[in-house]
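Computed from the coordinates by the stated procedures, all read-outs in this text should not be read as laboratory data. These figures come from a predicted structure and were not determined experimentally. Every residue, glycine as well, gets a Cβ built from its backbone with ideal geometry; the counts of neighbours run over all protein chains shown.
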Amino acid sequence: EDQVTQSPEALRLQEGESSSLNCSYTVSGLRGLFWYRQDPGKGPEFLFTLYSAGEEKEKERLKATLTKKESFLHITAPKPEDSATYLCAVPVVGGSYIPTFGRGTSLIVHP
Amino acid sequence: KAGVTQTPRYLIKTRGQQVTLSCSPISGHRSVSWYQQTPGQGLQFLFEYFSETQRNKGNFPGRFSGRQFSNSRSEMNVSTLELGDSALYLCATGEDNYGYTFGSGTRLTVV
């Protein structure tokens, strides 16, 4: 069965303390991996799509990377405004590509 | 561009009642997907509609249903509400294999 697992469940960092979030997946025939950011009380906000192993994408302090079994979201010198839940999702091929989401990593960055 | 609009933002219902939630996708987008988000289960796929036809369905009981209108607006209905139906219901729109755009959700509380 297709599965997406994120770790850690929660992460507390000091401002400026870099770290990485992990998303591992077991999917037959990966057709992309998505990263989202979700703030409390809001819907997820799209960040990146990665399609092949070795691919990297960056946005401000965030960099996403992809291997054949997992993806990492690296956060460099985080700021308090980076506090959010970060979700990864993998499209499951059915009639169309339906993203299956991991449980997310709740990130808190302290000033 | 206008985003995905969900109404209402908050709802409180009693067990046994039914509820209808509404979603207006981004103009020009023909697909609408619905998700249920709870602290215990995370984001779970309910169903997807494309051009007024249900294209995919998740593993939810028949009490959960939906439809899509010719203007792409979608509604989902939950009948005979249970306490466990309390959740954030999210609507998303997306084309092909690109990242979804989510609405802010409807927070349903069943008492």
- Projected area averaged over all directions for the convex hull of the alpha carbon atoms of chain B, nm², comes out at 6.6 nm²
- Task: Please count, across chain A, the pairs of lysine residues with Cα atoms under 25 Å apart that sit 8 or more places apart or on different chains.
- Result: 11
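What is the antiparallel percent of DSSP beta bridges lying wholly in the protein assembly as shown, to the nearest 5?
Bridges in the protein assembly as shown are about 90 percent antiparallel.
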- Item | Cβ-based net charge around residue B:66, under 10 Å, with every Lys or Arg adding one and every Asp or Glu removing one | 0
- Separation between the residue B:54 and residue A:45 pseudo-spin-labels, each 7 Å from Cα along Cα→Cβ, expressed in nm? 3.4 nm
- Query: About its Cα centre, how strong a charge dipole does the protein assembly as shown have in debye, to the nearest 20, once Lys and Arg get +1 and Asp and Glu get -1 at the Cβ?
  - Reply: 500 debye
- Note on the structure: Expected vector for region B:43-50, Karplus 3J(HN,Hα) from phi with 6.51, -1.76, 1.60 and θ = phi - 60°, integer Hz, x for Gly and Pro, equals 7, 10, 6, 9, 6, 10, 10, 9
- Taking a quarter of the surface of the Cα convex hull of the protein assembly as shown, what do you get in nm²? 12.1 nm²
- Note on the structure: Placing +1 on each Lys and Arg Cβ and -1 on each Asp and Glu Cβ in chain B, then taking the dipole about the Cα centre, the residue among B:4, B:81, B:65 whose Cα reaches farthest towards the positive end is B:81
- Query: How about region B:6-111: which trypsin sites (Lys or Arg not before Pro) there are in a DSSP loop, with at most 16 other Cβ atoms within 10 Å of their Cβ?
  - Reply: B:9, B:15, B:30, B:63, B:73
- Note on the structure: Most fluctuating of A:99, A:91, A:40 in the GNM of chain A (C-alpha, under 10 Å) is A:40
- Message: If Rh is defined by the Kirkwood formula over all Cα pairs and Rg also comes from Cα, what ratio Rg/Rh do you get for region B:48-105?
- Response: 0.97
